[in-house]
Amino acid sequence: MASNKLLTHLNLIRPCSETPLILDCFVVINDDTFGSITPARPDGDYDEVIDCRGRYALPGQINAHHHLYSTLALGMPPPAIAPADFLGILEQVWWKLDRALDTDSLRASVQSGLVESLKSGTTTIIDHHSSPEAVAGSLSLVAETAHHYGVGSAVAIELSDRNGSDCFNKCLEETITTREKYSKNNNIATLLGLHASFTLGDRSLQTISETLALDDSMGIHLHLSEDAADERDAQSRGYPSVLQRLHHFDLLNTRSLLVHGVNCPQADTELMQQLGTMLIHNPTSNANNRIGMLDRERAITLNAGLGTDGIQSNMLKEAKEGTLIRSASINPGEPSLDYLTLLFEHNPTIASRIFNRPLGRVEPGYRADLAIYDYLPRTEITPENLGSHLLFGFPQPSEVYTSGELRVREGQMTQLDEQQIKADALIQSNRLWKQLL
């Protein structure tokens, strides 16, 4: 049922816009989209009027690369022998985890990950999924749970040869089925997921290319050159680089979501720019895995977005930690990277392209996703110093709206039983971990 709301006396922060700070404004929400934003109360009748009492608000944030399936990895016992390299981390940690997932543990992981996202102000997630032993229905589980919770989701399940041809075919079928199932839902998008070039043979890439050719509105979502081993593998197969290998199979277009790109040769930046692909930077994960840091000029040239790679769900924290990680690696006076631009300018552009609707900004016509903060600044907030307050001052949001509906009130879920969700996650995580020993 359509409804309209009026938010009054809101201090609206819109980073990377012409008016980044609008004090004491009035915001109209028409059903699931933003209406007018005005300095005085607009005329008209409203189903609900909410006095925001001078609190600060941000657009609902977008996580441009997440792994909801890994939420239950928090505190997971480490391997008996520490991995010696990135491939060892994959083999001894993440590939063991994804193979151990079943429907129950996957559901618990997705549910708890979505709760953490909403409570941190993340309202849209571009997810990259893997559960080789529970493929059938897994993307629907992610998409429908996110939709029920009010979170926009772009889903993909990784295609890989590491689990055999039968699993590859099941994942491809799951992708096609899911895309058809949710084709009319503008809060759910489906991408063609690939794990990475080095776990896919040429025959599989050709199959993916043929699938992609049947739907020119679909893009791929894969890990690109996260580690130097990915580049060495491509070269051993006779290709100059991973990107050139993907391009050889006609897998790259303006809807391609390429994640990491840390170890690409410099020439690949120009090719990505020519093809109009989208690059996603995950600084905290890159630091955690010790695989290097994305080149600043590449990030700027390609308008890179910001993701978490499953390591967390709070995008302001990711922006802060990315800022600090980079600062620790450069000299005084050397230019850094503006992570708030990645989050508040590039991520909305990326998500709007994938979902084919305006997302990630508080402007008329955009989906009404909003995070409101109980923040009492100890220094004046101005358009010039917004970044400092956002990175080093802002707490968790007190209220979160998605599609115009209140999902979080005073830091608590309004429509979900978080205690029950977390209790089930405890049971499922313990069961999951036992399978890894």
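The values are calculated or read from the model by the stated rules, or taken from the named source; none is laboratory data. Note that the structure is a prediction, hence the values are computed from the model and not measured. Every residue, glycine as well, gets a Cβ built from its backbone with ideal geometry; the counts of neighbours run over all protein chains shown.
Can you report the number of residues in region 295-337 which are of a type in the set (Lys, Arg) and either closer than 13 Å to His65 by Cβ or under 20 Å from the mean Cα position of the chain (by Cα) (or both)? Even if it seems obvious, please write down each step before you answer.
Within region 295-337, the first condition is being of a type in the set (Lys, Arg), and the residues that meet it are 296, 298, 317, 320, 326.
Okay, now just the ones that are also either closer than 13 Å to His65 by Cβ or under 20 Å from the mean Cα position of the chain (by Cα) (or both), so 298, 317, 320.
Residues in region 295-337 being of a type in the set (Lys, Arg) and either closer than 13 Å to His65 by Cβ or under 20 Å from the mean Cα position of the chain (by Cα) (or both): 3 in total.
Just one of (1) under 22 Å from the mean Cα position of the chain (by Cα); (2) not assigned by TED's automatic domain parsing to the domain that holds Phe26 trips up Leu436, so point out which.
(1)
Of the residues that sit in region 190-238 and are within 18 Å of the chain's Cα centre (by Cα) and of a type in the set (Val, Ile, Thr), which one is surrounded by the most Cβ atoms within 10 Å (Cβ to Cβ)?
Restricting to residues being within 18 Å of the chain's Cα centre (by Cα) and of a type in the set (Val, Ile, Thr), the top hit is Thr190.
Pairs only if they're at least six apart or on different chains, beta carbon under 8 angstrom, first in region 101-125 and without any contact (Cβ under 8 Å) to a residue 40 or more places away in the chain, second assigned to a helix (DSSP H, G or I) and of a type in the set (Phe, Trp, Tyr); list them, first residue then second.
Between residues of region 101-125 that are without any contact (Cβ under 8 Å) to a residue 40 or more places away in the chain and residues that are assigned to a helix (DSSP H, G or I) and of a type in the set (Phe, Trp, Tyr), the close pairs are Leu106/Tyr69.
So, in region 326-371, how many residues would count as being in a helix (DSSP H, G or I), farther than 22 Å from Asp32 by Cα and hydroxyl-bearing (Ser, Thr, Tyr)?
Residues flagged as in a helix (DSSP H, G or I), farther than 22 Å from Asp32 by Cα and hydroxyl-bearing (Ser, Thr, Tyr) within region 326-371 amount to 3.
If you take the residues of region 136-176 that are in contact (Cβ under 8 Å) with a residue 12 or more places away in the chain and of a type in the set (Ser, Thr, Tyr), which of them is surrounded by the most Cβ atoms within 10 Å (Cβ to Cβ)?
Ser153
Given the criterion of a type in the set (Lys, Arg) and within 30 Å of Tyr339 (Cα to Cα), identify the matching residue among Lys119, Lys96.
Residue meeting the stated conditions: Lys119.
For Leu302, are the conditions met, namely being modelled with pLDDT of 95 or more and outside the structural domain of Val259 (by TED's automatic domain parsing)?
Criteria not met by Leu302.
Considering only region 372-384, how many residues are charged (D, E, K, R) and either crowded, with 18+ Cβ neighbours inside 10 Å or part of a helix (DSSP H, G or I) (or both)? Give the derivation first.
Initially, region 372-384 is screened for residues charged (D, E, K, R), giving 374, 378, 380, 384.
Subsequent filtering for residues that are either crowded, with 18+ Cβ neighbours inside 10 Å or part of a helix (DSSP H, G or I) (or both) retains none.
Adding up the residues that qualify gives 0.
So which strands (runs of 3 or more DSSP E) are wholly in region 1-49 and hold at least 1 residues that are more than 20 Å from Leu406 (Cα to Cα)?
Once the strands (runs of 3 or more DSSP E) in region 1-49 are filtered for at least 1 residues that are more than 20 Å from Leu406 (Cα to Cα), what remains is 21-30, 33-38.
Is it the case that region 61-74 has a residue that's surrounded by fewer than 17 Cβ atoms within 10 Å (Cβ to Cβ), farther than 30 Å from Asn30 by Cα, of a type outside the set (Val, Ile, Thr) and not assigned by TED's automatic domain parsing to the domain that holds Thr402?
yes
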